[in-house]
Amino acid sequence: MNTMDYAHLGRSGLLVSRIGPGTMNSGDATPEADAHRILDRAVDLGVSFIGSADVYGGPQSPDMAQCYGTSE
């Protein structure tokens, strides 16, 4: 079985997983039940953070038109 790698987050002393899922598609392209399964599996594997930016990499639809992200 593989184990999760962890690293310190800057100088904060917090130890976090080296990988974490992003949620950009969780509010629009990924059905809610699937998003829950993905996040549950990530936690089971030892992920300790989730990227929750409302927009990644520039204007997105419908996020920018409404001035918020549906993934949050």
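Any read-out appearing in this document is the output of simple, stated calculations on the displayed coordinates, not a laboratory observation. Predicted model, so just to flag it, every value in this text is computed and none were measured. Please note: Cβ atoms are built from the backbone with ideal geometry, for glycine as well, and neighbour counts cover all protein chains shown.
Summary table below
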| quantity | calculated |
| --- | --- |
| Two-site FRET efficiency, Ala29 against Met4, from Cβ-Cβ distance with R₀ of 30 Å, rounded to 0.05 | 0.70 |
| Net length gained if the chain between Arg11 and Asp44 were fully extended (0.36 nm per residue, minus Cα distance) | 9.2 nm |
| Theoretical gain in end-to-end length, Ile19 to Ser52 [0.36 nm per residue, Cα-Cα removed] | 10.5 nm |
